[in-house]
Amino acid sequence: MKVIVVMPAYNVESTLEKTFRDIPPGSVDEVILTDDESKDRTVEIAKSLGITVLQHEKNLGYGGNQKTCYDEALRRGADIIVMLHPDYQYDPRVIPFAVGFIQTGICDVVLGSRIRTRKETLENGMPIYKYISNRFLTTVENVVLGQNVGDFHTGFRVYHRKVLETVAYHKNSNDFVFDTEFLAQVVYHGFRIGDIPIPTRYFAEASSINFRRSLEYGLLTLSVMGKFLLQKAGLCRFPIFEKKPT
């Protein structure tokens, strides 16, 4: 099965090489970086590392960047797609283990959970308000979606090709809530989600949204859960839950 890593990137010159170097040799067939109009040397560094680079002519946002990543991975014949933030917040060394759950047919989606224990998560730098909001939102999402996932808001995700061929991700937001919409779609269409522990890394260079944006993201996440419930109850229909056109 062809494994492709996709990296939605924006101003990651200080962390890109470390992230790339930690991908276990032989574990993936190709690495694709989609640059969302970075203002630093991200593209130059990626090309020097031999990474396949796609560049946006204008900034499309986090969700818009992922759309380009997934389109290209499918076009290049990926069977398994690993979405990895290139800010070194997520440990690439777990890629072979996460991919294995999909290769063996146990899961269709595997998430990297940063919340192994409260002590470890906080000691490794996750701000307390982010920890509290993560726990609250993840609990709500587990209840609404009928799952038992440790971290719904991770930047390490592995998908089987059939997931990307089914989910209408182009109908999703171009902003950060894209990730929440995607997982709600995954559950709606009956795909199996699993997770594995992944070390928490928070440091100055790691990308992170501020408190105001976090609050906005949290409210949008709750809105997606409301849409999911209304759709399942047959009271409303939302475009994001349609199947991707063939």
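Every test in (1) within 24 Å of ALA168 (Cα to Cα); (2) under 19 Å from the mean Cα position of the chain (by Cα); (3) surrounded by fewer than 22 Cβ atoms within 10 Å (Cβ to Cβ) is passed by ARG76 save one, and that test is (2).
For THR138, the conditions (1) surrounded by 18 or more Cβ atoms within 10 Å (Cβ to Cβ); (2) over 16 Å from the mean Cα position of the chain (by Cα); (3) more than 22 Å from VAL53 (Cα to Cα) all hold with the exception of (2).
Residue-level check: of (1) more than 23 Å from HIS160 (Cα to Cα); (2) of a type in the set (A, V, I, L, M); (3) exposed (fewer than 14 other Cβ atoms within 10 Å of the Cβ), MET126 misses just (3). Of the numbered conditions (1) closer than 30 Å to HIS56 by Cα; (2) without any contact (Cβ under 8 Å) to a residue 60 or more places away in the chain; (3) of a type in the set (Phe, Trp, Tyr), TYR131 satisfies every one except a single condition; which is it? Only one criterion is unmet by TYR131, namely (1).
Every number here is computed from the coordinates shown, using simple stated rules; none is lab data. All values reported here derive from a predicted model rather than from experimental measurement. In this analysis, Cβ positions are derived from the backbone assuming ideal geometry, glycine residues included, and neighbour counts consider all displayed protein chains.
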